[in-house]
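Quick notes on the structure that follows.
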Amino acid sequence: MDPDGDSTMTGENSSQEDTGLEEQAADFARRLAALSEPEMQERAFVRFIAQTAAVEVTGVLAVIQRRGHAGGPPFDVALTAVARALTQGLFSYETLTRLYEAAKSQGLDTVGTLFFSDDPAAPPERPPDPPRELTLGHRKSLARSHDRDVLQRLLSNPEPKVIELILQNPRITERDLVALAARRPTDPEVQRTILTSPRWIQRYAIKRALILNPYTPLEISLRLLSLMRRTDLRLITQSPTLTARLRQAAQEHLGD
(Lines give C-alpha, C1' and ligand atoms only; values in the text may rest on other atoms or scores of the structure.)
Protein backbone atom coordinates (compact mmCIF):
# COMPACT_ATOMS: atom_id res chain seq x y z
CA MET A 1 0.00 0.00 0.00
CA ASP A 2 1.30 3.46 -0.89
CA PRO A 3 2.13 5.28 2.40
CA ASP A 4 1.74 8.61 0.67
CA GLY A 5 -1.80 7.67 -0.23
CA ASP A 6 -2.56 6.81 3.41
CA SER A 7 -1.16 10.18 4.52
CA THR A 8 -3.30 12.06 2.03
CA MET A 9 -6.41 10.18 3.05
CA THR A 10 -5.71 10.83 6.74
CA GLY A 11 -5.23 14.54 6.05
CA GLU A 12 -8.49 14.69 4.11
CA ASN A 13 -10.38 12.96 6.93
CA SER A 14 -8.91 15.35 9.48
CA SER A 15 -9.85 18.33 7.34
CA GLN A 16 -13.39 17.02 6.94
CA GLU A 17 -13.69 16.50 10.70
CA ASP A 18 -12.46 20.04 11.36
CA THR A 19 -14.94 21.44 8.84
CA GLY A 20 -17.75 19.39 10.37
CA LEU A 21 -16.93 20.65 13.85
CA GLU A 22 -16.82 24.26 12.65
CA GLU A 23 -20.24 23.84 11.03
CA GLN A 24 -21.68 22.12 14.11
CA ALA A 25 -20.38 24.89 16.37
CA ALA A 26 -21.72 27.64 14.09
CA ASP A 27 -25.11 25.92 13.93
CA PHE A 28 -25.29 25.52 17.71
CA ALA A 29 -24.28 29.16 18.26
CA ARG A 30 -26.94 30.36 15.82
CA ARG A 31 -29.61 28.24 17.50
CA LEU A 32 -28.74 29.59 20.95
CA ALA A 33 -28.63 33.18 19.72
CA ALA A 34 -32.01 32.78 18.00
CA LEU A 35 -33.75 32.00 21.31
CA SER A 36 -35.11 35.25 22.69
CA GLU A 37 -35.56 34.18 26.32
CA PRO A 38 -32.51 33.42 28.53
CA GLU A 39 -34.35 30.51 30.15
CA MET A 40 -34.80 28.96 26.69
CA GLN A 41 -31.10 29.39 25.95
CA GLU A 42 -30.19 27.74 29.24
CA ARG A 43 -32.53 24.79 28.61
CA ALA A 44 -31.07 24.36 25.12
CA PHE A 45 -27.55 24.28 26.54
CA VAL A 46 -28.57 21.77 29.23
CA ARG A 47 -30.09 19.50 26.53
CA PHE A 48 -26.94 19.80 24.44
CA ILE A 49 -24.78 18.71 27.39
CA ALA A 50 -27.12 15.80 28.21
CA GLN A 51 -27.38 14.49 24.63
CA THR A 52 -23.80 14.99 23.42
CA ALA A 53 -20.53 13.22 24.22
CA ALA A 54 -18.23 15.26 26.44
CA VAL A 55 -15.39 15.38 23.88
CA GLU A 56 -17.84 16.67 21.27
CA VAL A 57 -19.24 19.30 23.65
CA THR A 58 -15.78 20.62 24.46
CA GLY A 59 -14.79 20.60 20.78
CA VAL A 60 -17.82 22.68 19.87
CA LEU A 61 -17.21 25.08 22.74
CA ALA A 62 -13.57 25.48 21.66
CA VAL A 63 -14.69 26.67 18.22
CA ILE A 64 -17.30 29.02 19.68
CA GLN A 65 -14.77 30.33 22.18
CA ARG A 66 -12.15 30.99 19.49
CA ARG A 67 -14.58 32.74 17.19
CA GLY A 68 -16.15 34.65 20.08
CA HIS A 69 -12.99 36.71 20.59
CA ALA A 70 -13.72 38.46 17.31
CA GLY A 71 -17.00 39.75 18.79
CA GLY A 72 -20.42 39.90 17.21
CA PRO A 73 -23.30 37.45 16.97
CA PRO A 74 -23.95 34.61 17.12
CA PHE A 75 -20.79 33.54 18.96
CA ASP A 76 -20.70 36.29 21.60
CA VAL A 77 -24.39 35.75 22.35
CA ALA A 78 -23.86 31.99 22.64
CA LEU A 79 -20.84 32.41 24.94
CA THR A 80 -22.76 34.77 27.19
CA ALA A 81 -25.61 32.25 27.39
CA VAL A 82 -23.11 29.49 28.26
CA ALA A 83 -21.55 31.65 31.01
CA ARG A 84 -24.98 32.40 32.49
CA ALA A 85 -26.07 28.75 32.38
CA LEU A 86 -22.88 27.52 34.07
CA THR A 87 -23.22 30.17 36.78
CA GLN A 88 -26.85 29.22 37.50
CA GLY A 89 -25.79 25.91 39.07
CA LEU A 90 -27.70 23.84 36.50
CA PHE A 91 -25.09 21.09 36.30
CA SER A 92 -23.89 18.54 38.83
CA TYR A 93 -20.31 18.44 40.05
CA GLU A 94 -19.90 15.12 38.23
CA THR A 95 -21.00 16.65 34.91
CA LEU A 96 -18.66 19.61 35.27
CA THR A 97 -15.78 17.28 36.17
CA ARG A 98 -16.49 15.08 33.13
CA LEU A 99 -16.47 18.10 30.83
CA TYR A 100 -13.33 19.52 32.44
CA GLU A 101 -11.48 16.23 32.00
CA ALA A 102 -12.64 15.96 28.37
CA ALA A 103 -11.30 19.44 27.66
CA LYS A 104 -7.99 18.66 29.34
CA SER A 105 -7.61 15.38 27.43
CA GLN A 106 -7.84 17.34 24.17
CA GLY A 107 -5.47 20.07 25.29
CA LEU A 108 -8.34 22.59 25.42
CA ASP A 109 -7.22 24.39 28.57
CA THR A 110 -9.22 27.56 27.90
CA VAL A 111 -12.40 25.48 27.49
CA GLY A 112 -11.61 23.70 30.75
CA THR A 113 -11.72 27.02 32.62
CA LEU A 114 -15.42 27.32 31.75
CA PHE A 115 -16.12 24.48 34.19
CA PHE A 116 -14.03 25.89 37.04
CA SER A 117 -15.84 26.37 40.35
CA ASP A 118 -14.64 28.40 43.32
CA ASP A 119 -13.60 26.34 46.34
CA PRO A 120 -16.59 26.44 48.73
CA ALA A 121 -14.19 26.12 51.65
CA ALA A 122 -12.56 29.42 50.70
CA PRO A 123 -15.32 31.87 49.73
CA PRO A 124 -14.23 35.17 48.19
CA GLU A 125 -13.81 38.11 50.50
CA ARG A 126 -16.91 40.22 50.93
CA PRO A 127 -17.37 43.58 52.60
CA PRO A 128 -19.09 43.74 55.98
CA ASP A 129 -22.80 44.37 55.89
CA PRO A 130 -23.46 48.08 56.40
CA PRO A 131 -26.19 49.23 58.77
CA ARG A 132 -29.63 49.27 57.15
CA GLU A 133 -32.09 52.01 57.94
CA LEU A 134 -34.85 50.50 55.81
CA THR A 135 -36.31 47.01 55.75
CA LEU A 136 -35.54 44.73 52.82
CA GLY A 137 -39.16 44.98 51.73
CA HIS A 138 -39.01 48.77 51.70
CA ARG A 139 -35.77 48.78 49.71
CA LYS A 140 -37.26 46.34 47.18
CA SER A 141 -40.23 48.65 46.79
CA LEU A 142 -37.92 51.64 46.24
CA ALA A 143 -36.03 49.67 43.57
CA ARG A 144 -39.06 50.23 41.30
CA SER A 145 -38.91 54.00 41.78
CA HIS A 146 -38.49 56.43 38.88
CA ASP A 147 -36.56 58.81 41.12
CA ARG A 148 -32.90 58.74 40.08
CA ASP A 149 -31.72 59.99 43.48
CA VAL A 150 -33.47 57.11 45.21
CA LEU A 151 -31.98 54.59 42.78
CA GLN A 152 -28.49 56.02 43.21
CA ARG A 153 -28.75 55.62 46.98
CA LEU A 154 -29.76 51.98 46.55
CA LEU A 155 -26.89 51.38 44.12
CA SER A 156 -24.40 52.94 46.54
CA ASN A 157 -25.29 50.29 49.13
CA PRO A 158 -26.11 47.26 46.96
CA GLU A 159 -28.12 44.31 48.24
CA PRO A 160 -28.42 41.32 45.80
CA LYS A 161 -32.19 40.91 46.16
CA VAL A 162 -32.69 44.64 45.63
CA ILE A 163 -30.28 44.71 42.69
CA GLU A 164 -32.37 42.04 40.95
CA LEU A 165 -35.24 44.53 40.83
CA ILE A 166 -33.11 47.57 40.03
CA LEU A 167 -31.75 45.78 36.95
CA GLN A 168 -35.30 45.71 35.59
CA ASN A 169 -35.92 49.42 36.23
CA PRO A 170 -36.09 51.40 32.94
CA ARG A 171 -34.44 54.42 34.61
CA ILE A 172 -31.19 52.49 35.12
CA THR A 173 -28.49 53.12 32.49
CA GLU A 174 -25.46 51.22 31.22
CA ARG A 175 -23.23 53.73 33.01
CA ASP A 176 -24.96 52.84 36.31
CA LEU A 177 -24.33 49.15 35.74
CA VAL A 178 -20.71 49.60 34.72
CA ALA A 179 -20.11 51.53 37.96
CA LEU A 180 -21.91 48.83 39.97
CA ALA A 181 -19.92 46.01 38.33
CA ALA A 182 -16.65 47.87 38.98
CA ARG A 183 -17.46 48.75 42.62
CA ARG A 184 -14.80 47.72 45.17
CA PRO A 185 -15.32 46.13 47.56
CA THR A 186 -18.58 44.43 46.66
CA ASP A 187 -20.66 41.39 47.48
CA PRO A 188 -19.86 38.50 45.08
CA GLU A 189 -23.58 37.78 44.89
CA VAL A 190 -24.13 41.22 43.37
CA GLN A 191 -21.66 40.27 40.63
CA ARG A 192 -23.51 36.99 40.03
CA THR A 193 -26.79 38.89 39.82
CA ILE A 194 -25.37 41.19 37.15
CA LEU A 195 -24.05 38.24 35.13
CA THR A 196 -27.40 36.49 35.10
CA SER A 197 -29.28 39.62 33.98
CA PRO A 198 -30.43 39.00 30.39
CA ARG A 199 -31.02 42.71 29.87
CA TRP A 200 -27.53 43.91 30.78
CA ILE A 201 -24.94 41.15 30.47
CA GLN A 202 -24.94 41.43 26.67
CA ARG A 203 -23.25 44.85 27.03
CA TYR A 204 -19.49 44.52 26.53
CA ALA A 205 -18.62 47.36 28.91
CA ILE A 206 -20.42 45.59 31.76
CA LYS A 207 -18.67 42.27 31.12
CA ARG A 208 -15.35 44.12 31.00
CA ALA A 209 -16.07 45.87 34.32
CA LEU A 210 -16.92 42.53 35.95
CA ILE A 211 -13.77 40.77 34.81
CA LEU A 212 -11.48 43.65 35.82
CA ASN A 213 -12.93 43.73 39.34
CA PRO A 214 -10.86 41.55 41.72
CA TYR A 215 -13.98 41.05 43.89
CA THR A 216 -15.80 39.24 41.08
CA PRO A 217 -15.82 35.47 41.75
CA LEU A 218 -13.02 33.81 39.77
CA GLU A 219 -15.35 31.32 38.09
CA ILE A 220 -17.33 34.22 36.57
CA SER A 221 -14.21 36.01 35.38
CA LEU A 222 -12.83 32.84 33.77
CA ARG A 223 -16.09 32.31 31.87
CA LEU A 224 -16.08 35.87 30.59
CA LEU A 225 -12.53 35.66 29.20
CA SER A 226 -13.82 34.15 25.96
CA LEU A 227 -15.74 37.37 25.32
CA MET A 228 -12.84 39.76 25.84
CA ARG A 229 -11.13 41.56 22.98
CA ARG A 230 -7.40 41.00 22.62
CA THR A 231 -6.56 44.47 23.93
CA ASP A 232 -8.47 43.72 27.15
CA LEU A 233 -6.95 40.24 27.43
CA ARG A 234 -3.52 41.89 27.40
CA LEU A 235 -4.72 44.36 30.04
CA ILE A 236 -5.87 41.47 32.24
CA THR A 237 -2.50 39.71 31.94
CA GLN A 238 -0.80 42.89 33.23
CA SER A 239 -3.22 43.78 36.04
CA PRO A 240 -1.57 43.25 39.47
CA THR A 241 -4.93 43.38 41.30
CA LEU A 242 -6.22 40.27 39.53
CA THR A 243 -5.34 36.71 40.54
CA ALA A 244 -2.42 34.88 38.94
CA ARG A 245 -4.90 32.19 37.84
CA LEU A 246 -6.94 34.72 35.85
CA ARG A 247 -3.88 36.42 34.37
CA GLN A 248 -2.50 33.06 33.23
CA ALA A 249 -5.85 32.07 31.69
CA ALA A 250 -5.97 35.38 29.80
CA GLN A 251 -2.49 34.67 28.44
CA GLU A 252 -3.70 31.26 27.26
CA HIS A 253 -6.56 32.92 25.41
CA LEU A 254 -4.09 35.25 23.69
CA GLY A 255 -2.27 32.18 22.47
CA ASP A 256 -5.37 30.70 20.80
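The values are calculated or read from the model by the stated rules, or taken from the named source; none is laboratory data. Every value quoted in this text rests on a predicted model; they were computed, and no experiment measured them. No Cβ is skipped: glycine too gets one built from the backbone with ideal geometry, and neighbour counts run over all protein chains shown.
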(request) Please name all residue pairs, on different chains or six or more residues apart, with Cβ atoms under 9 Å, provided the first residue is in segment 239-256 and is touching a residue at least 12 places away in the same chain (Cβ under 8 Å) and of a type in the set (Asp, Glu) and the second residue is surrounded by 15 or more Cβ atoms within 10 Å (Cβ to Cβ) and assigned to a helix (DSSP H, G or I). (result) Glu252/Asp109; Glu252/Thr110; Glu252/Thr113; Glu252/Leu225; Asp256/Ala62; Asp256/Gln65; Asp256/Arg66; Asp256/Thr110
(message) Looking at the structure I just gave you, is Arg153 at pLDDT below 95, outside any helix (DSSP H, G or I) and not hydroxyl-bearing (Ser, Thr, Tyr)?
(response) no
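Return a yes/no flag: does segment 170-179 have any residue that is among the basic types (Lys, Arg), assigned to a loop (DSSP other than H, G, I, E, B), in contact with a Leu (Cβ under 8 Å, 6 or more places away or on another chain) and outside the structural domain of Leu86 (by TED's automatic domain parsing).
Within segment 170-179 (the criterion being among the basic types (Lys, Arg), assigned to a loop (DSSP other than H, G, I, E, B), in contact with a Leu (Cβ under 8 Å, 6 or more places away or on another chain) and outside the structural domain of Leu86 (by TED's automatic domain parsing)), the answer is yes, since at least one residue qualifies.
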(message) I want to confirm something. Restricting to segment 239-256 and keeping residues that are in a helix (DSSP H, G or I) and of a type in the set (A, V, I, L, M, F, W, C), which single residue is surrounded by the most Cβ atoms within 10 Å (Cβ to Cβ)?
(response) Ala250
(request) Please find, among Leu167, Leu155, Leu177, the residue that is under 24 Å from Leu212 (Cα atoms), surrounded by 18 or more Cβ atoms within 10 Å (Cβ to Cβ) and touching an Asp or Glu at 6+ places or on another chain (Cβ under 7 Å). (result) Leu155
(message) Against the definition (under 30 Å from Leu233 (Cβ atoms), assigned to a helix (DSSP H, G or I) and without any contact (Cβ under 8 Å) to a residue 24 or more places away in the chain), how does Arg192 come out, yes or no?
(response) no
(message) When the residues of segment 32-73 are narrowed to those that are modelled with pLDDT under 95 and among the basic types (Lys, Arg), which ends up surrounded by the fewest Cβ atoms within 10 Å (Cβ to Cβ)?
(response) Arg43
(message) Just to be sure I understand, how many residues within segment 139-150 are exposed (fewer than 12 other Cβ atoms within 10 Å of the Cβ) and part of a helix (DSSP H, G or I)?
(response) 1
(request) Filter segment 201-238 down to the residues that are in contact (Cβ under 8 Å) with a residue 40 or more places away in the chain and surrounded by fewer than 17 Cβ atoms within 10 Å (Cβ to Cβ), then identify the one that is farthest from Ile172 (Cα to Cα). (result) Arg230
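Look at segment 104-113 and say how many of its residues are part of a helix (DSSP H, G or I) and more than 17 Å from the chain's Cα centre (by Cα).
2
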(request) Assess whether Ser117 counts as being closer than 29 Å to Ile64 by Cβ, surrounded by 15 or more Cβ atoms within 10 Å (Cβ to Cβ) and either at pLDDT 90 or above or of a type in the set (Gly, Ala, Ser) (or both). (result) yes
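Any chance segment 74-92 includes a residue that's among the polar types (S, T, N, Q), in a helix (DSSP H, G or I) and either more than 23 Å from Leu218 (Cβ to Cβ) or modelled with pLDDT of 95 or more (or both)?
no
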